Amino acid sequence: MNDTIDVQKHEEEVKDGEAGLDARLSAQAQEYLNVQRSQTWKEALRANPKALIWCFYSLFTCIMWGYDGLASSIVLAIEQFRRDYGTKFNGEFVIPVIWQLGLGGASLFGLLFGGIGAGIVSKKWGRQLCMLISYLMSIAGVFLQYYSPGDLPMLFGGKVLTGIPLGVFITITPTYCSEIAPFALRGSVTSAVNWSIVFGQCLAYVVMRQTQYSQGPNAYLILFAIQWVFAGLALLALPFFPESPYHLVSQGRFDKARANAKRLYDAKFNVDGYIASIQLDLDTQARTERDASYRECFRGKNNLRTLIAMSTFFVQSVCGIGWIIGYMAYFLQLGGLSIPASFDATVTLSFLMLIGNMVGWIFVEKFGRRSTALFGSLTLTTTLLLIGISACIQTKNAIWAQVAFMAIWSFVYQSTIGSVAWPIVAEVSKSSLRGHTQALATVTQGIVGAVSGVLLPFMVNPDQGNLGGKVGFIYGGILGVSCVGIFFYWPETKGRSFGEIDELFGRGVKPRDFKGARLD
């Protein structure tokens, strides 16, 4: 009898101790969250320079993503590349459609494989190991590409190897940035993922414009070799890369999490409150699940969150991004522009995208995630249809009308859906499933990109569909239907902590009603 009483007493003491611990953690976390919410973006910028520097380092990987991803397609516009790898058709050299599909598919296969693998590896061993493996694979892939002139199978192998790191980078960078960036800058920093990609694409266009006049294979080999510089610079800083405290707490490594928090933030930063907020967030998830998995992403209310995250990259892909960015120079040449004029136009439009993406940082924080995505997608739909209409006009100046609409598209895309998709994916994901959800979104992007990559050569190539700007009708129609889904299912997550977002989904609040929802 006494033994039973002693056991019950012990259990009550344990429960009281846990309740006391939860209360203490809650108070610490609330103090931290209050400070974070009260900060302006200027205050957050001044108070968190070290965290932002490491955010920018992780964003550097997305510059590699943008550069390599575009280099795979814009080489088609380089005449020497078509001569070395292509066959003659009506007096001109073209790359056979089957090989265009193969080269595009190689990068996309690597993207899918890397995205899925990163979600698993980063959760267990962290981002640093993922980055190391990715840089080494990138170096090896570029080696195969550089020594492949005239050898399409070898070029294919190089594209597979460089594609895997792309999937890793695009999966781990947004989640890392969302976890360590201050609240006031979280949307802008995660939006900068797309800016980094665009910057990499700008570099690819600039390099292509300068090297196209080189004699022999250097006209395109230099474009490949630049990627060695990216990987080398990134490897130099990698040993000092601080793992996210969020990941460390999830692994039970609290001392290391506190040490890294001190490395990431200044002396005035509330480390205990930060760690407490992470611990409470993860503990809340642990009450309903013990092990995160891809299956868990589609269970119960997680299903809606996962589908929202996946749909953001779907919408990004059906905006016409693969066509306008990847085939821009080649498309303009087929439309009648001279090679120098087509390259000048692509460089101009790429820098316009870069500026647009920086404007997107303001839109994301000023107008919110949902409004920026919705009105941006509606504008893009209109612009794509206008490109298609101008392509139906049989005049010499029609191609310049298409260039003008492409310029509008470039700015609007980068300032809206191109920027806002990244914070939406990072914020709408369940805390314990963030890595898995990001990976699934990356896979969605890869699958849609693969379908588009298969169809585009048949639509664009002169020996196939030769549709020209009429492709705008196809993308505009799909995007127009997607706008309906955005209106009903994309939430406003601006200014919400991860815990609050979890609570809103847990209560079953309709996504379009998130903005006005109140939480105690």
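The values are calculated or read from the model by the stated rules, or taken from the named source; none is laboratory data. Only a predicted model underlies this, so the values are computations on that prediction, with no experimental measurement involved. A quick note on method: Cβ atoms are made from the backbone with ideal geometry, for glycine too, and the neighbour counts reach across all protein chains shown. Surface accessibility is based on the protein's heavy atoms, side chains included, excluding ligands, DNA and RNA. Shrake-Rupley method; radii C 1.70, N 1.55, O 1.52, S 1.80 Å.
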Checklist line | Residues that are closer than 21 Å to residue 414 by Cα and either modelled with pLDDT of 85 or more or acidic (Asp, Glu) (or both), drawn from segment 173-195 | finding: 173, 177
Check: Yes or no: residue 167 in contact with an Asp or Glu (Cβ under 7 Å, 6 or more places away or on another chain), assigned to a helix (DSSP H, G or I), open to solvent by less than 50 Å² (accessible area, probe 1.4 Å) and at pLDDT below 85?
Finding: no
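Of all residues in segment 181-199, how many are part of a loop (DSSP other than H, G, I, E, B) and surrounded by 23 or more Cβ atoms within 10 Å (Cβ to Cβ)?
Of the residues in segment 181-199, 1 are part of a loop (DSSP other than H, G, I, E, B) and surrounded by 23 or more Cβ atoms within 10 Å (Cβ to Cβ).
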Check: Taking segment 381-424, which residues are of a type in the set (Ser, Thr, Tyr) and within 25 Å of the chain's Cα centre (by Cα)?
Finding: 381, 382, 383, 410, 413, 415, 416, 419
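Find the residue count for segment 339-365, including only residues that are touching a Lys or Arg at 6+ places or on another chain (Cβ under 9 Å) and either crowded, with 21+ Cβ neighbours inside 10 Å or among the hydroxyl-bearing types (Ser, Thr, Tyr) (or both).
Result for segment 339-365: 3.
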Notebook entry, point to check: Would you pick out the residues in segment 59-88 that are open to solvent by 20 Å² or more (accessible area, probe 1.4 Å), at pLDDT 75 or above and polar (S, T, N, Q)?
Noted result: 80, 87
Next item on the list: Tally the residues that are polar (S, T, N, Q) and open to solvent by 20 Å² or more (accessible area, probe 1.4 Å), restricting the search to segment 491-517.
Entry: 0
Note to self: Would you confirm, using the coordinates I've provided, whether residue 292 is modelled with pLDDT of 85 or more and closer than 22 Å to residue 116 by Cα?
What the structure shows: no
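Let's see how each residue does on (1) in a helix (DSSP H, G or I); (2) among the small types (Gly, Ala, Ser); (3) over 20 Å from the mean Cα position of the chain (by Cα); (4) at pLDDT 80 or above:
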| position | (1), (2), (3), (4) |
| --- | --- |
| 106 | yes, yes, no, no |
| 110 | yes, yes, no, no |
| 118 | yes, yes, no, yes |
| 123 | yes, no, no, no |
| 138 | yes, yes, no, yes |
Next item on the list: Would you check which residues across segment 201-224 are crowded, with 24+ Cβ neighbours inside 10 Å and under 17 Å from the mean Cα position of the chain (by Cα) and list them?
Entry: 201
Notebook entry, point to check: Could we say that residue 157 is under 24 Å from residue 99 (Cα atoms), open to solvent by 20 Å² or more (accessible area, probe 1.4 Å) and not in a helix (DSSP H, G or I) here?
Noted result: no
Notebook entry, point to check: Looking at segment 353-461, what helices (runs of 4 or more DSSP H) fall wholly within it and have at least 2 residues that are of a type outside the set (Ser, Thr, Tyr) and on the phi > 0 side of the Ramachandran plot?
Noted result: none
Check: Quick one: which of 454, 443, 425 is open to solvent by less than 20 Å² (accessible area, probe 1.4 Å) and under 26 Å from residue 115 (Cβ atoms)?
Finding: 425
Margin query: Quick check on segment 501-516. Is at least one of its residues modelled with pLDDT under 80 and more than 21 Å from the chain's Cα centre (by Cα)?
Written below: yes
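Being among the β-branched types (Val, Ile, Thr) and modelled with pLDDT of 80 or more: is that true of residue 484 here?
Values: among the β-branched types (Val, Ile, Thr): yes; modelled with pLDDT of 80 or more: yes.
Yes, satisfied.
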